[in-house]
Structure formats: C-alpha cells, structure tokens
Amino acid sequence: MSFSQTTKNEACRVADGGRDCEIAELSALIKTCGTISLNSQHNIGLRVASENPAIVRRAFSFIKKCFKVHPEVVVKRNRLLKKNNIYMIIITEGQGALDILRRCGVLETRGKGIGIIRGIKQSLIKDESSRRAYIRGAFLGGGSVTNPEKTYHLEFVNHTGEHAEDLSNLINTYDLNSKVIERKNSFVVYLKEGEQIVDLLNIIGAHSSLLNLENVRIYKEMRNNVNRLVNCETANLSKTVNASVRQMECIKLIKNTIGLRKLPPILRQVAEARLNHPDSSLKELGEMLDPPVGKSGVNHRLRKLEEIAEELQDK
C-alpha cells in the first residue's frame with residue numbers, strides 16, 4: 001500500500017465533528033470526486049466514486065446520517081490496465097440528490113433555474129472544525145501525497161480554477177504556502193516543503209502518517225549532514241595533501257640546487273621537519289620546532305620556502 005493510500009485510510013478513521021463538519025467534508029468530496037448527471041427528463045442525479053472503499057464507506061455513512069438517505073452502492077471492475085475496483089455511491093433525484101447538492105454547497109437556485117457553485121460556499125466553513133473537515137474531504141476526494149523517502153509533494157486535484165483558488169486560500173489560513181497550477185484540464189493545489197506537508201497532515205488528522213513523515217525527514221536530514229561533513233573533511237584532507245606535496249617538491253628543489261644549509265635557520269628547521277614528516281599537519285609541524293611555532297608561523301615559513309623555490313626555478 002502506498003504512503004498516500006495509508007494516509008487516506010487514516011484520515012477516514014478520524015472521528016466526525018458533528019453535522020456541520022460532515023456536510024463540509026461531503027461538500028469537498030463531491031466537488032473533487034463527484035459527478036452530477038442530468039437525464040432526458042431533467043432529473044438530477046449524483047455519483048461519488050473512488051478506488052478506495054474506506055472513502056466511499058465514510059461518504060455513505062455521512063449521507064445516510066445527515067440526509068436520512070440510503071443510497072445505492074455499486075462496484076465496478078476497472079478493466080483498463082487491470083486497475084483496482086471503482087466503488088460508486090449513486091443517488092437519484094427521487095432520493096433527494098438535488099437537496100443534497102444544494103445543502104452541500106454544490107448547486108444553488110438562480111432565478112428560475114439552478115446554477116453550479118464553482119468555488120467553496122463560505123457558510124460551510126464557518127468554524128475551525130468545519131474548515132479542517134473541508135480540507136480533509138478535499139484530500140480524500142482529490143488529494144495525494146508522495147512517499148517522503150523519494151520527495152516532498154502533496155497535491156489536491158480540482159475541476160475548476162475557482163475551487164482550486166478557494167481551497168488554496170483556505171489552506172493558507174493555517175500559515176501554509178500552497179500554490180495553484182493548471183495541469184491539462186485540472187487545477188492543482190500543491191505543497192512541496194516537508195514541514196508544510198507535516199502541518200497539513202496534522203490539519204486533516206493523519207497523525208500516524210505525520211510521524212512517519214517526520215521520521216523520514218529526520219533521517220534524511222541526518223544523512224545529509226553526515227554527507228556534508230564527510231565531503232568537507234575529504235575536501236580539507238585533499239587540500240592538505242596537495243599543499244604537502246607542493247611543499248615537498250619546493251624543499252627538494254632547494255635542497256638539490258643550493259642546499260638546505262644556505263637557508264636561514266628558521267626556514268631550514270621547517271624544511272627539514274616537512275621532509276621528515278610529509279603527512280603531518282601545520283600544527284604538528286609547529287610543535288616539532290624548537291621553540292614551538294603556531295600554525296600561522298609555520299604556514300608563513302613554508303610560503304617563504306615556496307617563494308625561494310620559484311625564484312630558483314626561474315633562474
């Protein structure tokens with residue numbers, strides 16, 4: 001089971017917060033995975049479909065509880081690419097589909113006709129609990145979250161730009177930074193930062209998935225820190241080795257041309273120490289000298305030796 005499926009199954013187990021929360025969650029579900037039908041007699045029907053049976057069971061329970069309707073449930077085999085079954089809730093006009101759509105903020109009366117509410121009906125999200133419920137419903141109906149071991153990405157697929165913008169604004173009231181992009185014929189609200197995805201999972205009540213994601217984040221951060229330290233140590237070691245090789249070559253050049261005895265005592269002492277201890281650090285070389293010299297002093301003397309070698313090479 002994917003991380004996204006596990007998260008949705010956990011969100012389906014969140015206890016409902018009362019009738020207003022149930023209707024808010026249903027509204028988001030219908031807007032993201034619902035279909036409105038109109039037959040030749042102008043009768044309106046409603047279908048809510050999902051490959052996840054837990055989502056359909058939750059929607060069925062809310063519809064039955066809030067509207068006293070016992071809708072039909074159909075299971076269809078998705079033969080395309082041998083995918084999972086599709087579970088559908090079917091509500092006819094005779095069962096009150098039009099009333100459900102109105103009360104869920106999907107349809108509204110406009111003059112003598114009926115219009116579609118493309119955004120979020122604000123009266124459905126009037127308090128904290130209903131706002132969280134709406135975001136949870138939108139995630140269950142059109143959301144997905146990528147396995148955090150691969151990358152950080154959570155998104156909500158919407159059918160209209162108005163609903164996507166309203167959903168993004170709703171999510172951002174929790175100090176998040178969701179954005180909207182158009183993808184083919186859909187509008188996608190997405191988050192790409194691990195910390196913000198953790199916050200959103202907390203909003204919808206998926207706390208176990210939140211902890212799993214946090215564990216992955218901590219592990220990845222520790223691994224990245226170790227890699228940075230190793231790379232830094234490797235770079236420093238490489239730099240030290242290259243400097244030592246360069247210094248050795250310069251000192252040997254001086255030795256083979258004019259001899260180390262021609263050098264001032266303070267330079268000859270450092271040159272002999274480097275020849276005898278090619279792998280030692282500047283600090284270790286300084287401690288070998290009499291009297292001991294600090295790193296900067298040793299470095300200064302070695303640079304003097306390199307300058308002398310360059311002058312000899314030019315001649």
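The values are calculated or read from the model by the stated rules, or taken from the named source; none is laboratory data. Being a predicted model, the structure only gives us computed values, none of them experimental. Cβ: placed from backbone, ideal geometry, glycine included. Neighbour counts: every protein chain shown.
Just to verify a result, which residue in the stretch 270-282, among those that are under 16 Å from Leu305 (Cα atoms) and either touching a Pro at 6+ places or on another chain (Cβ under 9 Å) or charged (D, E, K, R) (or both), is surrounded by the fewest Cβ atoms within 10 Å (Cβ to Cβ)?
In this case the residue turns out to be Glu272.
Name the residues in the stretch 122-155 that are surrounded by fewer than 20 Cβ atoms within 10 Å (Cβ to Cβ) and more than 30 Å from Tyr219 (Cβ to Cβ), would you?
Gln122, Ser123, Lys126, Asp127, Glu128, Ser129
For the stretch 1-22, enumerate the residues that are more than 17 Å from Leu200 (Cβ to Cβ) and of a type in the set (A, V, I, L, M).
Of everything in the stretch 1-22, those that are more than 17 Å from Leu200 (Cβ to Cβ) and of a type in the set (A, V, I, L, M) turn out to be Met1, Ala15.
Within the stretch 103-130, can you find the residues that are over 20 Å from Leu170 (Cβ atoms) and under 36 Å from the mean Cα position of the chain (by Cα)?
Of everything in the stretch 103-130, just one residue is over 20 Å from Leu170 (Cβ atoms) and under 36 Å from the mean Cα position of the chain (by Cα), namely Leu107.
For Lys295, state whether it is closer than 21 Å to Asn236 by Cα and surrounded by 12 or more Cβ atoms within 10 Å (Cβ to Cβ).
The answer is yes for Lys295.
What number of residues within the stretch 204-236 are of a type in the set (Asp, Glu) and either modelled with pLDDT of 80 or more or exposed (fewer than 10 other Cβ atoms within 10 Å of the Cβ) (or both)?
1
Can you report the number of residues in the stretch 149-173 which are under 12 Å from Val189 (Cα atoms) and not in a helix (DSSP H, G or I)?
8
Any residue that is farther than 14 Å from Ala28 by Cα, assigned to a strand (DSSP E or B) and in contact with a Ser or Thr (Cβ under 6 Å, 6 or more places away or on another chain) - is there at least one of those in the stretch 130-148?
yes
Restrict the check to the stretch 219-229 and report whether at least one residue is of a type in the set (S, T, N, Q), in contact (Cβ under 8 Å) with a residue 12 or more places away in the chain and assigned to a helix (DSSP H, G or I).
Within the stretch 219-229, not a single residue is of a type in the set (S, T, N, Q), in contact (Cβ under 8 Å) with a residue 12 or more places away in the chain and assigned to a helix (DSSP H, G or I).
What number goes with the only condition from (1) in contact (Cβ under 8 Å) with a residue 24 or more places away in the chain; (2) surrounded by 17 or more Cβ atoms within 10 Å (Cβ to Cβ) that Glu162 does not pass?
Status for Glu162: all satisfied but (2).
Within the stretch 131-159, track down each residue that is hydrophobic (A, V, I, L, M, F, W, C) and free of Cβ contacts under 8 Å to residues at least 60 places away in the same chain.
If the condition is that a residue be hydrophobic (A, V, I, L, M, F, W, C) and free of Cβ contacts under 8 Å to residues at least 60 places away in the same chain, then Leu154 is the only one that fits.
So in the stretch 176-198, with the set limited to residues that are more than 16 Å from the chain's Cα centre (by Cα) and not aliphatic (A, V, I, L, M), which one is nearest to Lys150 (Cα to Cα)?
Among residues in the stretch 176-198 that are more than 16 Å from the chain's Cα centre (by Cα) and not aliphatic (A, V, I, L, M), the one nearest to Lys150 (Cα to Cα) is Arg183.
Return yes or no: is Leu285 at pLDDT 85 or above, crowded, with 16+ Cβ neighbours inside 10 Å and assigned to a helix (DSSP H, G or I)?
When the stated conditions are applied, Leu285 does not pass them.
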